[in-house]
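The values are calculated or read from the model by the stated rules, or taken from the named source; none is laboratory data. Nothing here was measured: the structure is a model prediction, and the numbers come from that model. Note that each Cβ is placed from the backbone with ideal geometry, even for glycine, and that neighbours are counted across all protein chains shown. With ligands, DNA and RNA removed, areas are computed over all heavy atoms of the protein, side chains included. Shrake-Rupley method; radii C 1.70, N 1.55, O 1.52, S 1.80 Å.
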Amino acid sequence: MTAGESRAERSGDNNKTSCLIISQLREITGVHDNQLLQKAIQISGGDINQAVSFLTGESAREPDDGSSANEAESESSGATDNQSRGSVIDLTGDEKEDLQKAIALSLRDSDKKESGTAENQDPDQAGDVSGGESKAGLKRRRCEAWGDSPNPHDRKREDKWPVGLKNVGNTCWFSAVIQSLFQLPVFRRLVLSYKVPQNLHQACRSHTELRNLAFMQELRCLFALMVASIRKYADPSSAVELLKDAFRSSEAQQDVSEFTHKLLDWLEDAFQLTASAKNVHKKTQNPMVELFYGTFLAEGIHDGKMFSNIETFGQYPLQVNGFDDLHECLEGAMVVGEIETLHSDQSVRSGQENWFTKLPPVLTFELSRFEFNQSLGRPEKIHKKLEFPGIVYMDRYLHKNKELTRSRREEVKKLKEQSMVLQQRLERYLNYGSGRSGFPLADMLQYVWEFASTKPSIVPPTQDTVTTSFPKSPPDTSLTLPVQTSLAELTATEPTEGTGPVGTAQLQRATLHKPFTQSNPPMETPAHPAPRNITAQELAFLDNCLQRWRAEVENDITDLKNKINAIKHSIDQMYTDSLMCQVPYRLHAVLVHEGQASAGHYWAYIYDHSENSWLKYNDLLVAVSSWDELQRDSYGGSRNASAYCLMYINDNLPQLIAEDTDVETGQSLRSIHTLPPELVEYVREDNRHFRQELEEWNDEQVRKIPQKELVAMSAEQEAGGSAAEEESVASQQTTCCASAKHAVMVKDQTAQAIEKAATSYENVGAKAALKEAFHEEYSRLFDLAKDEPTPQNDPRLQHVLVYFFQNKASKRVIERTLLEQFADKNLSYDERSISIMKVAQTKLNLIGPSDMDMKEYKEWHNDYSLFRKVSVYFLTGLECYQNGKCRESLTYLVHAYHSNLKLLKNGKKRGVDETLIGYYRRKCLLELNVHAAQLFESGNESDVAEGLSIMNDQVIPCMHLIVNHELSEEDLGAVEMMRNHWCSFLGEDMDSHLQEKLTEFLPRLLDCSAEVRILREPPKIRPNSPHDLCNRFAAVMESIHSTSPVTVK
């Protein structure tokens, strides 16, 4: 290698390293300015920690070019306003910056290259809440990514069910917070009743004040739609755009983890502007401050000096690491332990206690679940389990209860010390021995007795591996060590001198524990280690001692456990008396994050106080939930989902959740009647547009109906008032097209029944022959329906009436179905068949509307048609899977599963076994996910595109269907496994282009509810005859238990 080549190689390595560091810095800090990143690398000498410090400090010091002079005025005026209500401190210290970086990576908008900010706009344009051209363009792009269903009926609200919020592009954080606040009636009333005084816009001194008013107006409109819209979900684009503009501006170098704090700040400023305009010379209370902000007293000693400060807080931060439940977190936050430091040869104590002096009506805890890993140079999520109660009593943390709480804390401290001593004593019993790993002492005494009571084998142990002959009956190997154990293996575990029974216990760990009263093992038992010589007197002595010692040990263990449990109970009951249960706070909402630090999805569980039930708000979907589901998703520890924000409300203030009432009558107001007049008109206009969209859709569907059907429907309507019988016949003909198809399917079976009635036809006539054939076929199918489905045979596929019999259809439905099969025109084989067919048609025409519920009749036949469709899809999916076509198989299995759910709602025998479909659906999903991940990991552009196409077109739509229905444990595990597979890429070094694609893709994978994803219909399959379908069913089911692929002729 030449010197030039060496320099070129080193230069290439340096460039590669530089690109890698730049990519990491982009991920960590969110800075995308290449010049600034290069500068950071040069100054830090390639040290990524120093580069991060430089960038975070640089970005905090240097304002954006678009910052205006007005913004500086706004900052100074805002600081002055905040001083009026006390100093608001940041309780999380430096860790807050790490939290911001972590969640910024999780929720950064996919449009990273957009460079404009709201600060460049003219203040008048900023106040225009209708949105500009750029906003419209962004909204169009979002609609393409998160498209609405083309059928407006899918977007129609059901009765008074809560309205969801559309995800307009990684905005699940917005939906979770807004829904939590909207479902608080007191907050909802404050927002909806907000009125802007006249000429206030002219009085605004900065763009920020105009923007806050614009946001307030947008929030009012959004809340109005959430109250009275007839749409299933509302579009928050206008309000979201104002927020995103602020997050991109120099004013807010924070990220969306601070959204709740920023939201309340904006609303507080908006209310303050209104209050100041109304009462220029009078200071008024701000409702946002009164509702969400509290104060606490921080007092203690620092470097030997006493201090005491009153501080204001909004969201109270709590650390998760090191704690198991909410009360432990609060204790850790309220008491900063004593610290001793040395000054001038003197020991000086430092410590701090925090006491709440005023609790807000709405108390919000922010759980710190993100931390920045300095060694790895990236944020990480804390998945530790943390429990929290439905009601938390805050009395022990109040300043007025300071002395009582301190005395109880001392008691708890003493009890915990006692418990620790007892636990250590218990551990000595449970982990006994001088070796590195101990064993339960009671078990060891048992092992010693077993050793002493084992009679020596006739064959010396050294000959076991060579000469041992097995008895005729196989030995009970469950109670002994394997016979073929070499001498080296035995001696390797023999105790060394002085270790006593420990070595024996190690050798005998597999031995089953038996009581002392059992008889000695028989001589035929394979040899255990046994004493060479032991007398009966020695054995009796040992038996007596070991029994007594073991009883004493077990009694000691039981006594220690009882004492530990008693202490635990005393600690649990320490704050449950009436003095400490005066200030209850009830859990109102839990905001949940699922995913890793670099990507994730947010949703909320909110308590419906009027219905006393939990609801899950997942973007546009709102579903009934439960406390069990909330705990599973929110506690953390077992999944990637965990709570990051808890919202409690004062249970002593019923006005917080009181619904709106009429001032004059006192009656409760509902829906649109709770809105101010200007918002009533706004909502009515939006509802008018949506009704028009519904009408246009209906008209379009009518136009798609073939002309012949329209003519037939028109003729029916014209003849409706003249001839009731003709109307009945026409209605039955249009209603029973499914039954006619089923008659054609079984025409061969019907023909055989007619053939058996040939004698009656020749001797008596067609009527008698029909009667005989009818009863014979009825009896045959009734007997066939008694057969239960087996893995290789499902009699329901053979005939529609077997399906009806097994599902307890009414006798009229069964008899009409059978009569319709004898009246089928396809039976015109010979004169006998034609004669019987005509008699059956005559009888069929005599059945009037009062004799048969045609709606019920149609539903039964539609169910059977769907059952056959599910069966065909299921069988086709299995055939594809066993032939290695997972993509085709998944499409069939998914549609089979979800069509089958509709049938199973009406009865277990209405559909196919869902567990079998679900099993193969999961197998296809997991295999496709692995294949797609391998393609993505290859880095090849075409392979990456194909891998993402598999995920976006098939895997994610299927996951969307799974997670929005009742999840089984197996489905839940499969979904978590797929998500974890992709999230594992976050910790790997990869090309920046791949990293960007992964960042855009992960939110779609983790958030399976935001988009309206429609899985494409599988190819149409012509229904087989019952005979062919039964053969396919038998062949496929038989092949499941073998390894050969399915082939059906």
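One table, with the values for the structure above:
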read-out	value
Qualifying residue in segment 363-382 (condition: in a loop (DSSP other than H, G, I, E, B), open to solvent by less than 10 Å² (accessible area, probe 1.4 Å) and under 30 Å from Val289 (Cα atoms))	yes
Of all residues making up segment 839-858, the number that are exposed (fewer than 14 other Cβ atoms within 10 Å of the Cβ) and in a helix (DSSP H, G or I)	4
Where a residue in segment 918-932 is without any contact (Cβ under 8 Å) to a residue 24 or more places away in the chain and its partner, wherever it lies, is in a helix (DSSP H, G or I) and of a type in the set (Gly, Ala, Ser), with Cβ under 6 Å and at least six apart	Ala932/Gly947
Ser833 of a type in the set (Ser, Thr, Tyr) and either in contact with a Lys or Arg (Cβ under 6 Å, 6 or more places away or on another chain) or open to solvent by 20 Å² or more (accessible area, probe 1.4 Å) (or both)	no
Matching residues in segment 583-598 - criterion: being under 25 Å from Ala234 (Cα atoms) and not charged (D, E, K, R)	His588, Ala589, Val590, Leu591, Val592, His593
Any hit, segment 342-355, residues being open to solvent by 70 Å² or more (accessible area, probe 1.4 Å), modelled with pLDDT of 90 or more and of a type in the set (D, E, K, R)	no
Enumeration of residues in segment 931-958 that are within 22 Å of Glu976 (Cα to Cα) and open to solvent by 60 Å² or more (accessible area, probe 1.4 Å)	His931, Gln934, Glu937, Asp953
Tabulated pairs, segment 180-197, first closer than 12 Å to Leu264 by Cβ and open to solvent by 10 Å² or more (accessible area, probe 1.4 Å), second outside any loop (DSSP other than H, G, I, E, B) and not aliphatic (A, V, I, L, M), C-beta under 9 angstrom, 6+ apart or interchain	Leu190/Phe271; Leu190/Pro287
Single residue of Ser634, Ser626 found to be open to solvent by less than 20 Å² (accessible area, probe 1.4 Å) and under 14 Å from the mean Cα position of the chain (by Cα)	Ser634
Pair list, Cβ under 7 Å, 6 or more apart: segment 298-309 residue without any contact (Cβ under 8 Å) to a residue 24 or more places away in the chain and more than 15 Å from Lys402 (Cβ to Cβ), other residue hydrophobic (A, V, I, L, M, F, W, C) and surrounded by 12 or more Cβ atoms within 10 Å (Cβ to Cβ)	Asn309/Ala298
Residue check for Lys869: open to solvent by 40 Å² or more (accessible area, probe 1.4 Å) and either within 29 Å of Thr817 (Cβ to Cβ) or at pLDDT 90 or above (or both)	yes
Enumeration of residues in segment 398-438 that are without any contact (Cβ under 8 Å) to a residue 60 or more places away in the chain, of a type in the set (Lys, Arg), in a helix (DSSP H, G or I) and open to solvent by 50 Å² or more (accessible area, probe 1.4 Å)	Lys400, Arg406, Lys413, Lys414, Arg428
Conditions (1) aromatic (Phe, Trp, Tyr); (2) buried (at least 19 other Cβ atoms within 10 Å of the Cβ); (3) within 30 Å of Tyr648 (Cβ to Cβ); number of the one not met by Tyr393	(2)
Of residues in segment 778-815 being polar (S, T, N, Q) and farther than 20 Å from Val912 by Cα, the one surrounded by the most Cβ atoms within 10 Å (Cβ to Cβ)	Ser810
